[in-house]
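I have a structure I would like to understand better, so I am pasting it below and will then ask my questions one at a time.
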Amino acid sequence: MDSIDIKIINFLRKNAKIPIAELSEQIGISGAAIHKRIKKLENKNIFVGSQINIDPKKVGFTTLAFVGIYLEKAIDVNFAIDKLNAIEEITECHYTTGDWSILIKIYCKDNQHLMKLLNERIQAIKGVSRTETFISLDQQISRQIKI
């Protein structure tokens, strides 16, 4: 990667829908060169997919929580993650250091929905000893990493 690739990445992280022509004008190289460089970055897996970001609140998921999951034994982690993967409300899952074995990010319709998922799905997973839940009141920062 050179300085032009870094400029392209930083423009795209702010606005993935920026037209090639505008990107070309901003960076000062041809549209064909921009397109070729984007393809190169995709082939190197610098860009890991593309997606539409849904606003959970606008589709009825008003509760965002982070749940720390304690496992009885570290060996249970792969089994637990397989079971957690089946819960569609979970949008992120991290194997962590510290007190928890796993940290998840979960969107629910409301607190009742969260409680039901905790009690009936998450805490019912073999090897889960307990959970610790933090409800987000409001997200203050959301961004891609700057390079």
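Quick one: grab the alpha carbon gyration tensor of segment 3-43, order the square roots of its eigenvalues as a ≥ b ≥ c, and give me rounded if a/c is under 1.5, else prolate or oblate depending on whether a/b is larger than b/c. Write out the running numbers ahead of the final one.
Values: a/c = 1.32, a/b = 1.04, b/c = 1.26.
Rounded.
How high is the relative contact order of the chain, in percent, with contacts defined as C-alpha pairs under 8 Å that are six or more residues apart?
26
Please identify the longest segment of the chain free of exposed trypsin sites (Lys or Arg not before Pro), where exposed means a DSSP state other than H, G, I, E or B and no more than 15 other Cβ atoms within 10 Å. Spell out each step's value before the answer.
Working: sites that count: LYS17, LYS44, LYS73, LYS109, LYS126, ARG143, LYS146.
Longest site-free region, per DSSP loop and neighbour criteria: 74-108.
What is the distance in Å between the Cα centroid of segment 127-144 and that of segment 48-120?
Segment 127-144 and segment 48-120 have Cα centres separated by 8 Å.
Mind checking the dipole of the chain: about its Cα centre, +1 per Lys or Arg Cβ, -1 per Asp or Glu Cβ, Debye to the nearest 20? Walk me through the numbers before you get to the answer.
Numbers: 21 positive and 17 negative charges, 94 e Å.
My answer is approximately 440 debye.
Moving on. If you keep only loop residues by DSSP, which chymotrypsin sites (Phe, Trp or Tyr not before Pro) in segment 1-84 have at most 12 other Cβ atoms within 10 Å of their Cβ?
Sparse-neighbourhood loop chymotrypsin sites (Phe, Trp or Tyr not before Pro): none present.
Between ASN78 and VAL48, how high is the FRET efficiency from 1/(1 + (r/R0)^6) when r is the Cβ-Cβ distance and R₀ = 22 Å? Nearest 0.05. Show your work: numbers first, answer last.
Values: r = 22 Å, r/R0 = 1.01.
FRET efficiency, ASN78 to VAL48: 0.50.
Given 0.36 nm per residue, what is the gain on full extension from TYR70 to SER3 after removing their alpha carbon distance, in nm?
Going from the current span to full extension adds 19.8 nm.
Any idea what the relative contact order of segment 56-136 is, in percent, if you count C-alpha pairs under 8 Å spaced at least 6 apart?
47
Starting from the Kirkwood radius over alpha-carbon pairs of the chain, derive D by Stokes-Einstein at 4 °C in a medium of 1.567 mPa s and give it in µm² s⁻¹.
For the chosen part, D equals 71 µm²/s.
Same structure, new question: Just want the ordering: VAL77, VAL48, VAL128, from fewest to most Cβ atoms lying within 10 Å of their own Cβ.
Ordered by Cβ neighbours within 10 Å, fewest first: VAL48, VAL77, VAL128.
Using a simple charge model, +1 on the beta-carbon of Lys and Arg, -1 on the beta-carbon of Asp and Glu, nothing else, what dipole does segment 1-65 show about its Cα centre, in debye to the nearest 20?
Dipole size: approximately 120 debye.
At most 16 other C-beta atoms within 10 Å and a DSSP loop state: those are the exposed GluC sites (Glu not before Pro) I care about. Give me the longest piece of the chain that has none. Mind showing how you got there, number by number?
On the way: sites that count: GLU72, GLU88.
Result for the longest clean stretch: 1-71.
Every number here is computed from the coordinates shown, using simple stated rules; none is lab data. Quick caveat, the model's predicted, so the values are computed rather than measured. Note that each Cβ is placed from the backbone with ideal geometry, even for glycine, and that neighbours are counted across all protein chains shown.
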